[in-house]
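Colleague: This is the structure I want to talk about, given as structure tokens.
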Amino acid sequence: MRGELTGRPPAPPEAGDQQVRGMARGGMLNLASAVLSQVALFLVMLLLARVLGVRELGRYAQVYAVLSLLGLLSLSGFRAGLTRFVAVHLVDDDPAAMRGAIRLGIGISAVASTVIAVGLAVGAPWLAGALHDPQLTTGLRLVALCLPASTVCEAALAATRGWRTQRAYALIGQVYEPGARLVLTALALTVGAGLTGAFWALVVASWSAAAFALVALARMVRRVPAVRPAYRPGELFRFSTVSWVSSLSSTGLIWMDALLLGFFDYGADAIGVYHVATRLVTIAVFVLAPVNASFGPYLAHLYHQGRLDEVRRIYRVATGWVLRLSLPAFVALLVFPEQLLRLVGGPGLAGGAAVTVVLALGQLVNAATGPCGTLLNMSGRVSVNMVDNLAALVLNVLLNLWLIPAYGILGAAVAWAVSLAAVNVARVWQVRAQVHTVPVTTGMLKGLVAALVALAVGFGVRWLVEGWVTQLTVGLTAIVGAYCAGVLALGLSREDVMVLRSVTRWGGRRAAAGPPVGAGTGGAGS
């Protein structure tokens, strides 16, 4: 490790406190924006299901799966690469290398996405035929139009996170883009534009978000000295290529089920039910992405300086946040799956309850293991993460090929949950070997105890209360109340109190006080 080789003494505890506070402020901003993002995406799904029906929602899900996979293919791994190398070059006070990395990453992503978009537009009829639904052709061509914009937007926002600030990522990627998509989708459905109008909403939201992201990045680049860019493609490509394979495999794990269900000709109705269940479970673990986004730049900064004690500390703190903030939603999914599905799409979706429970169990393992994949990436172990994700994808495909023909969407859910749980358990042990810690803390155990209490309360409400609407209303309130009471009764840790103070008016000002953002340090502002 760099710090071990140079003999750098360990940082004082106050320095670690500052990193936790800074990560907390960025994490809370990301968390708030992620709530708005998930609400917007949920409402898009709800509108499509209620206005157009589950079949059209299934078509939307398949086309969006293609966009997500091709977006990762276009990014070529530069999402993680740009965040890491911008952070590292700022630490090293090397603005020339930083400018060169940004130009390479965004330029190559833009060219690659344009080429792939042209190929998708030309091959859309063939792909729609392979998915046994010719009506997907128009949607596939419209997402081809989205692809360059969404790719450039992702790359630009990834670069802004290298400054250890989450503002642009949160406001543009998590608030503006999904919010614009929701408003435009509602407008399209109101005027009777149907599913095609929903895809046009995606196009407009993607291109406008890309423009805002580029403006935000340009403003941040102007903070560093205006020097001639220094291009070092070797180090960027080595990291990003491995990260690209890793991210593509990870995204494939998320969306492969929907595509394989289409290839097995299960129909848009079944895929629509599966998509609704998947979206509900994704909402439960929505906190993972914003915490990862806040955690990653700090980790790259600290690991590059060899400050391993602080790396271990914020890894445990971040994992605790993810699990404890996610547990009430998981309890609700385990207790009220039928009711939540009926809320979205009516009684026709209630048959997906078993699918929802299985998916929730897989995501619960994901939440409990925290940002272990991000730690591997940002510490330079992208090849390990790549092997993990490839293994998980291969396992998922093999299990899908075995289980989907016999069990349909339930088989797809089991394949996904098993694959996700296996890869995250493996990552925990890899992180333990690297930084000599596991993310198990007293606070996590207290959260699990509080969740068990909330689970019992939820099942009690389900047994005693009549009517699915009343069950859901009373039950969700009781679950949240019981969980919060359990957490408070068991007591908060020192880090919990510090985080709460850092994101409130009373403690936030003192926590925010520190050195100004400079060209060489990157700052910790959010």
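The values are calculated or read from the model by the stated rules, or taken from the named source; none is laboratory data. Computed from a prediction, not measured in an experiment: that's the story for all the values here. Here the Cβ positions follow ideal geometry from the backbone for every residue, glycine too, while neighbour counts run over all protein chains shown. Please note that ligands, DNA and RNA were not included when accessible areas were found on the heavy atoms of the full protein model with its side chains. Shrake-Rupley method; radii C 1.70, N 1.55, O 1.52, S 1.80 Å.
Colleague: If we keep just the residues of segment 426-472 that are outside any helix (DSSP H, G or I) and open to solvent by 70 Å² or more (accessible area, probe 1.4 Å), which is modelled with the highest pLDDT?
Modeller: Checked segment 426-472; the qualifying residue modelled with the highest pLDDT is Glu466.
Colleague: For segment 178-195, give me the residue count where each residue is touching a residue at least 60 places away in the same chain (Cβ under 8 Å) and at negative phi.
Modeller: Residues meeting the conditions: 8.
Colleague: Would you mind telling me which numbered condition in (1) surrounded by fewer than 23 Cβ atoms within 10 Å (Cβ to Cβ); (2) not in a helix (DSSP H, G or I) Thr165 fails?
Modeller: All conditions pass for Thr165, except number (1).
Colleague: Of everything in segment 140-173, what is of a type outside the set (A, V, I, L, M) and closer than 19 Å to Arg223 by Cβ? Give them in sequence order.
Modeller: The answer is Thr160, Arg161, Gly162, Trp163, Arg164, Thr165, Gln166, Arg167, Tyr169.
Colleague: So which of Leu171, Leu127, Leu140, Leu136 ends up being in a helix (DSSP H, G or I), under 19 Å from Phe199 (Cβ atoms), open to solvent by 10 Å² or more (accessible area, probe 1.4 Å) and in contact (Cβ under 8 Å) with a residue 24 or more places away in the chain?
Modeller: Going through Leu171, Leu127, Leu140, Leu136 in turn, just one is in a helix (DSSP H, G or I), under 19 Å from Phe199 (Cβ atoms), open to solvent by 10 Å² or more (accessible area, probe 1.4 Å) and in contact (Cβ under 8 Å) with a residue 24 or more places away in the chain: Leu127.
Colleague: When you check Arg79 against the structure, is it modelled with pLDDT under 90, within 30 Å of Gly306 (Cβ to Cβ) and in contact with a Phe, Trp or Tyr (Cβ under 7 Å, 6 or more places away or on another chain), yes or no?
Modeller: no
Colleague: Let me ask you something else. Being of a type in the set (D, E, K, R), open to solvent by 30 Å² or more (accessible area, probe 1.4 Å), outside any loop (DSSP other than H, G, I, E, B) and under 30 Å from Ala61 (Cα atoms): is that true of Glu154 here?
Modeller: So Glu154 fits the description; yes.
Conditions (1) over 21 Å from Glu154 (Cα atoms); (2) modelled with pLDDT of 75 or more, marked per residue:
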position: Val227; (1), (2): yes, yes
position: Pro233; (1), (2): no, yes
position: Leu236; (1), (2): no, no
position: Trp244; (1), (2): no, no
position: Ser247; (1), (2): no, no
position: Asp265; (1), (2): yes, no
position: Ala277; (1), (2): yes, yes
position: Ala289; (1), (2): no, no
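Colleague: A further question on this structure: When you look at Ala101, is it open to solvent by less than 30 Å² (accessible area, probe 1.4 Å), over 19 Å from Asp257 (Cβ atoms) and not polar (S, T, N, Q), yes or no?
Modeller: yes
Colleague: Then there is this: Only one of (1) within 20 Å of the chain's Cα centre (by Cα); (2) at pLDDT 65 or above is not met by Met23, so which one is it?
Modeller: Exception for Met23: condition (2).
Colleague: I need the helices (runs of 4 or more DSSP H) fully contained in segment 298-410, keeping only those with at least 3 residues that are touching a Gly at 6+ places or on another chain (Cβ under 9 Å), among the β-branched types (Val, Ile, Thr) and crowded, with 23+ Cβ neighbours inside 10 Å.
Modeller: Helices (runs of 4 or more DSSP H) meeting the threshold: 308-335.
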